[in-house]
Amino acid sequence: MNLQPTLSDELVTLRPLVIADYEALRLAAADPLIWELHKNGQSRSTPEGFEKFFNESITSGGAFVIIDRENDKIIGSSRYKLVEGTDRAIEIGWTFLARAYWGGVYNHAIKRLMIDYAHQHFSEVFLNIAADNFRSQGAARKIGAQLLTDYDPPSAIRTRERNNALTFCIFREDQ
């Protein structure tokens, strides 16, 4: 699977993150309220914290910038990560959107593009969300993600790399 295809619908385009996106993405990420519920994300609104986040995103090999098609403006980022130890699952995460794009159709459009593409290659798409990040948990449920438990497939348990995270899954419909 190509971890950085260009994906697009009528609202947004997701394309591979490149070094030249640094300043535009930093501006989109500069609002501290974006990061208040992201585990260890509070510093990402600072120049130093954002630089670390950006460098990790670039080296991940699976990061996208999210572009509003109406004004061609970078409004956020997301990424894919392969799940170690399984060939049937991939993780989507590290997503943020500028606050002007919260609470509407943008997150759903972004995740739908990423999930639909991922389901061409994998039967399970995981979202790891901090246990206290109720906003992201609600957004995950709105797109059809199910909270997994310790009784679910072992591949789900392996995705819990970060402390205090809940794993949600969107299963491909043919399962």
(request) Test each condition in (1) in contact with a Leu (Cβ under 6 Å, 6 or more places away or on another chain); (2) surrounded by fewer than 21 Cβ atoms within 10 Å (Cβ to Cβ); (3) hydroxyl-bearing (Ser, Thr, Tyr) for Thr59 and report the one that comes out false. (result) (1)
(request) Kindly indicate the residue of the stretch 120-156 that is at pLDDT below 90 and acidic (Asp, Glu) and also nearest to Phe171 (Cα to Cα) among those meeting that condition. (result) Asp152
(request) Return the pairs, sorted by first residue and then second, in which the second residue is among the acidic types (Asp, Glu) and outside any strand (DSSP E or B), the first residue lies in the stretch 65-82 and is buried (at least 20 other Cβ atoms within 10 Å of the Cβ), the beta carbons are less than 6 Å apart, and the residues are 6+ apart or on different chains. (result) Val65/Asp21
(message) Looking at the structure I just gave you, is Glu10 acidic (Asp, Glu), in a helix (DSSP H, G or I) and at pLDDT 95 or above?
(response) no
(request) Among the residues of the stretch 92-109, write down those that are touching a helix residue (DSSP H, G or I) at 6+ places or on another chain (Cβ under 9 Å) and within 20 Å of Gln146 (Cα to Cα). (result) Ile92, Trp94, Thr95, Asn107, His108
(message) For the structure I just gave you, tell me whether Ala20 is over 15 Å from the mean Cα position of the chain (by Cα), aliphatic (A, V, I, L, M), more than 26 Å from Arg112 (Cβ to Cβ) and not in a loop (DSSP other than H, G, I, E, B).
(response) yes
(request) Test Asp132 against the stated conditions and say whether it is part of a loop (DSSP other than H, G, I, E, B) and touching a Leu at 6+ places or on another chain (Cβ under 9 Å). (result) yes
(request) Return yes or no: is Lys111 surrounded by 19 or more Cβ atoms within 10 Å (Cβ to Cβ), assigned to a helix (DSSP H, G or I) and at pLDDT 95 or above? (result) yes
(message) From the list Glu48, Glu124, exactly one residue is buried (at least 21 other Cβ atoms within 10 Å of the Cβ), among the acidic types (Asp, Glu) and without any contact (Cβ under 8 Å) to a residue 60 or more places away in the chain. Which is it?
(response) Glu124
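The values are calculated or read from the model by the stated rules, or taken from the named source; none is laboratory data. Quick caveat, the model's predicted, so the values are computed rather than measured. Positions of Cβ are generated from backbone atoms using ideal geometry, with glycine treated the same way; all protein chains shown enter the neighbour counts.
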